[in-house]
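The values are calculated or read from the model by the stated rules, or taken from the named source; none is laboratory data. This one's a predicted model, so the numbers in the text were calculated from it and none came from an experiment. No Cβ is skipped: glycine too gets one built from the backbone with ideal geometry, and neighbour counts run over all protein chains shown.
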């Protein structure tokens, strides 16, 4: 099996190739670009929340343990979202390569 063609998607979508029609490569690039941005936003938001909980742990010693646990969970979420963004970045690069190959190296400039 060609490893580079075997992808596990969190958002399952059939591409046009599987349905027998032509692949809209520009749509694929935009799709992965959009998911990459969502991953980046998730990483930033979870990272900010982790820092917020770290601050709360210092300010609220009675509930410090709870805040530290929430900080850890948010940190793990930030790493996961960052990993997802990284994965989508590479999916976007692959889609761009496939688009270029499908065009036969011809560059179509859209204005």
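Pick from 28, 53, 18, 36: which is modelled with pLDDT under 65 and assigned to a helix (DSSP H, G or I)? Lay out the reasoning, then the answer.
Values: 28 fails: modelled with pLDDT under 65; 53 fails: modelled with pLDDT under 65; 36 fails: modelled with pLDDT under 65.
Only one candidate qualifies: 18.
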Out of the residues in the stretch 30-53 that are within 19 Å of residue 73 (Cβ to Cβ) and crowded, with 17+ Cβ neighbours inside 10 Å, which is nearest to the chain's Cα centre (by Cα)?
39
